[in-house]
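The values are calculated or read from the model by the stated rules, or taken from the named source; none is laboratory data. Quick caveat: nothing in here was measured; it's all calculated off a predicted structure. Cβ sites come from the backbone with ideal geometry, for glycine too, and all protein chains shown count toward neighbours.
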Amino acid sequence: MRDLGTARAATSESFDLAEGPFWDSRRDVLSWVDITQGHVYRARLLPGGVIRVDERIEVGAQVGTASPGVDDELVLGLGGAIVRRGLDGTLTTLAVVAPAEEVDGPARRRLNDGMPDPRGRFVVGTLRKGESDTPEILVRLEADGTLTTIDDDLGLSNGLAWSADGSVMYSVDTIRRVVYRRSYPDLGPREIHIELTHGYPDGICLDADDHLWVAVWGAGEVRRFDPAGALVGVVVVPAPHTSSVAFAGADLGTLVITTARSELSEQQLADWPDSGRLFTFDPGVRGLPATLWGGASIDEGTERRP
């Protein structure tokens with residue numbers, strides 16, 4: 001394993017809980033969410049790895065994830081529901097994953113990390129902040145609006161990624177400190193691909209060499225693992241709560257890293273003043289292009305549960 005270097009702060013603004021960076025290569029737009037503030041950001045990646053915010057979208061509730069669609073709509077993990085935001089700002093519920101009594105009750109359950117799969121279907125998981133014996137789940141929104149349950153026994157569903165040919169899916173259970181892998185789209189048996197002993201795996205992405213990049217919450221690092229799951233490199237991030245990672249830029253050669261101020265003490269914020277900002281890093285390798293959400297055929301207002 002080798003030290004790859006230190007990421008540089010790329011935004012002038014810091015965020016409470018930045019997550020889910022997504023590079024839309026058709027429009028050269030970087031997006032991400034500030035979960036607790038209920039904001040979706042769109043930005044430009046400028047020379048030198050600087051990120052310039054162009055738009056902030058307020059969605060009125062905690063937003064675990066946001067992915068652009070083929071028609072420039074957004075699919076959101078909004079509270080406990082998968083929601084489409086139209087071009088005019090209209091919000092339409094596509095499916096309810098965590099019902100209102102769980103979202104607003106003691107469990108404080110909500111949707112967390114989500115991504116379109118290689119076919120453009122939205123995959124998203126859940127987490128809870130309160131006490132509950134209910135395991136977390138990972139689901140896929142099918143083109144007909146139904147939900148397929150992928151996992152129903154998770155501690156905290158988090159990052160998602162797929163191999164270049166779409167035949168392997170990687171998914172994170174943060175509480176168990178593992179990254180799983182399974183065949184896809186047939187949803188074959190899962191196996192542990194990576195297990196951490198220091199820090200908690202959060203967001204993930206793959207590069208063109210089939211290496212997995214893992215943002216490690218609590219460690220201030222992004223770690224690179226080879227196809228066999230061996231640690232081969234570490235990027236230092238000057239913010240302990242490193243939350244997610246994605247490749248961006250015209251050549252997919254810039255690593256974008258989100259971080260959080262959330263859950264840090266006043267002393268930690270003083271020690272790590274760049275916490276909550278986005279960072280960039282030149283890794284020397286290129287990433288894989290993200291898939292846009294392909295949309296869903298639904299009956300307006302119909303709730304569907306796994």
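With a cut-off of at least 3 residues that are within 18 Å of ALA208 (Cα to Cα), name the strands (runs of 3 or more DSSP E) lying wholly within the range 136-181.
157-162, 168-173
If you go through the range 235-252, how many residues are β-branched (Val, Ile, Thr) and either within 11 Å of PHE22 (Cα to Cα) or within 18 Å of the chain's Cα centre (by Cα) (or both)?
Qualifying residue count, the range 235-252: 3.
Every residue in the range 266-291 that is among the polar types (S, T, N, Q) and in a helix (DSSP H, G or I), please.
GLN267, GLN268, listed by residue number.
Assuming VAL256 fulfils every condition listed in (1) closer than 27 Å to VAL29 by Cα; (2) without any contact (Cβ under 8 Å) to a residue 60 or more places away in the chain; (3) among the aliphatic types (A, V, I, L, M) apart from one, which condition is it?
Result: VAL256 passes all but (2).
Step by step: first the residues of the range 120-134, then only those that are at pLDDT 95 or above and not in a strand (DSSP E or B), then the one that is surrounded by the most Cβ atoms within 10 Å (Cβ to Cβ). Which residue is that?
Among those residues, the one meeting the criterion is ARG121.
Does any residue in the range 129-142 that is hydrophobic (A, V, I, L, M, F, W, C) come within less than 8 Å, Cβ to Cβ, of a residue that is assigned to a loop (DSSP other than H, G, I, E, B) six or more places away or on a different chain, and which pairs are these?
ILE137/VAL97; ILE137/PRO306; VAL139/VAL97; VAL139/PRO306; LEU141/ARG121; LEU141/ALA296
So if I check each of ALA43, ALA7, ALA66, ALA18, which one is in contact with a Lys or Arg (Cβ under 9 Å, 6 or more places away or on another chain), crowded, with 21+ Cβ neighbours inside 10 Å and over 23 Å from VAL139 (Cα atoms)?
Residue meeting the stated conditions: ALA43.
Considering only residues that are crowded, with 21+ Cβ neighbours inside 10 Å and in contact with a Pro (Cβ under 7 Å, 6 or more places away or on another chain), look in the range 23-36 and name the one that is nearest to VAL50 (Cα to Cα).
Selected residue: LEU30.
Kindly provide the set of residues from the range 90-118 that are modelled with pLDDT of 95 or more and of a type outside the set (A, V, I, L, M, F, W, C), ordered by number.
If the condition is that a residue be modelled with pLDDT of 95 or more and of a type outside the set (A, V, I, L, M, F, W, C), then THR90, THR92, THR93, ARG110, ASN112, ASP113, GLY114, PRO116, ASP117, PRO118 are the ones that fit.
Taking the range 188-199, which residues are part of a loop (DSSP other than H, G, I, E, B) and touching a strand residue (DSSP E or B) at 6+ places or on another chain (Cβ under 9 Å)?
Once the filter is applied, which keeps residues that are part of a loop (DSSP other than H, G, I, E, B) and touching a strand residue (DSSP E or B) at 6+ places or on another chain (Cβ under 9 Å), the range 188-199 yields GLY188, PRO189, ARG190, LEU196, HIS198, GLY199.
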